[in-house]
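Here is the structure we will look at.
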Amino acid sequence: MKLTDQNLRDLYHKGKVSILFVCLGNICRSPAAETILRDIVAQAGDADRWVIDSAGIGNWHVGQRADHRMRVHAIRRGLDITHRARQVCADDFSRFDIIIGMDSSNIDDLRDIAPSADALDRILHINRWMGNVASRYDYIPDPYYEGAEGFELVLDLLTDALHNLHHTITH
């Protein structure tokens, strides 16, 4: 079953919503998304209704903290990224209601490893919620080889998208 906005709202109103954010290595975009959404739901007073995690397609950084540059830029916004990198596993497709990829490559990789048709339906692109800031972007660009502007852009894009996601699910 494809996840419509109504399906997402139903998940929230029936109990908890579990979301997994996925990027390539789980050291920049996805741990930032996890931290930003945790902050949004805490500020909204509904953190107990959410299970939020992140993972990477690859295993290069398993066990490592998020990229130092991402942590520095997040801290400047009052966000503390504490996640340790891990790789997506088959169990994630049954543990999480929604699996959100940061770009089309992540989506393709997730589809390649999805263990079932039901698992495929759980995979969504972050661009579904990109709006106000995303005039030039329909994905979250990887800031790993970029300077400070790349990390700030990712945080701006994610903040906008995740406020939209929270609103879509809770209203």
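The values are calculated or read from the model by the stated rules, or taken from the named source; none is laboratory data. Predicted model, so just to flag it, every value in this text is computed and none were measured. Note: ideal-geometry Cβ built from the backbone for every residue, glycine included; neighbour counts use all protein chains shown.
May I ask you to verify whether G45 is in contact (Cβ under 8 Å) with a residue 24 or more places away in the chain and surrounded by fewer than 17 Cβ atoms within 10 Å (Cβ to Cβ)? Break it down into steps so the answer makes sense when it comes.
On the way: in contact (Cβ under 8 Å) with a residue 24 or more places away in the chain: no; surrounded by fewer than 17 Cβ atoms within 10 Å (Cβ to Cβ): yes.
No, not satisfied.
Within region 77-103, the residues that satisfy the criterion of being out of contact with any His (no Cβ under 7 Å at 6 or more places or on another chain) and outside any loop (DSSP other than H, G, I, E, B) are R84, Q87, D92, F93, S94, R95, I98, I99, I100.
Keeping to region 1-50, report how many residues are outside any helix (DSSP H, G or I), closer than 24 Å to Y139 by Cβ and over 17 Å from the mean Cα position of the chain (by Cα). So that I can check it myself, show each step before the final result.
At the first step, the residues of region 1-50 found to be outside any helix (DSSP H, G or I) are 1-4, 15-28, 45-46, 50.
Then keep just the ones that are closer than 24 Å to Y139 by Cβ; that gives 2-4, 17-28, 50.
Filter once more, so that each one left must be over 17 Å from the mean Cα position of the chain (by Cα): 2, 4.
Qualifying residue count for the region: 2.
If we scan region 13-22, do we find a residue that is touching a Gly at 6+ places or on another chain (Cβ under 6 Å) and surrounded by 13 or more Cβ atoms within 10 Å (Cβ to Cβ)?
Step one: filter region 13-22 for residues touching a Gly at 6+ places or on another chain (Cβ under 6 Å), giving 22.
Right, trim to surrounded by 13 or more Cβ atoms within 10 Å (Cβ to Cβ) and you get 22.
Looking for residues that are touching a Gly at 6+ places or on another chain (Cβ under 6 Å) and surrounded by 13 or more Cβ atoms within 10 Å (Cβ to Cβ), one finds at least one in region 13-22, hence yes.
Taking (1) in a helix (DSSP H, G or I); (2) among the aliphatic types (A, V, I, L, M); (3) within 13 Å of the chain's Cα centre (by Cα) in turn, A74 satisfies each apart from (3).
If you check D53 against the conditions, is it over 18 Å from T159 (Cβ atoms), in a strand (DSSP E or B) and at pLDDT 95 or above?
Working: over 18 Å from T159 (Cβ atoms): yes; in a strand (DSSP E or B): yes; at pLDDT 95 or above: yes.
Yes.
Among residues of region 15-37 that are in contact (Cβ under 8 Å) with a residue 40 or more places away in the chain, those with a Cβ under 6 angstrom from a residue that is aromatic (F, W, Y) and assigned to a strand (DSSP E or B), sequence gap 6+ or separate chain, pair up as V17/W50; S30/F21; A33/F21; E34/F21. Taken over region 43-73, the criterion of being of a type in the set (D, E) and under 15 Å from I19 (Cβ atoms) is satisfied by D46, D48, D53. Among residues of region 77-93 that are over 15 Å from F151 (Cα atoms), those with a Cβ under 6 angstrom from a residue that is among the β-branched types (V, I, T) and surrounded by fewer than 16 Cβ atoms within 10 Å (Cβ to Cβ), sequence gap 6+ or separate chain, pair up as A85/V62; R86/V62; Q87/V62.
I169 satisfies every condition listed in (1) closer than 21 Å to V88 by Cβ; (2) touching a strand residue (DSSP E or B) at 6+ places or on another chain (Cβ under 8 Å); (3) crowded, with 19+ Cβ neighbours inside 10 Å except (1).
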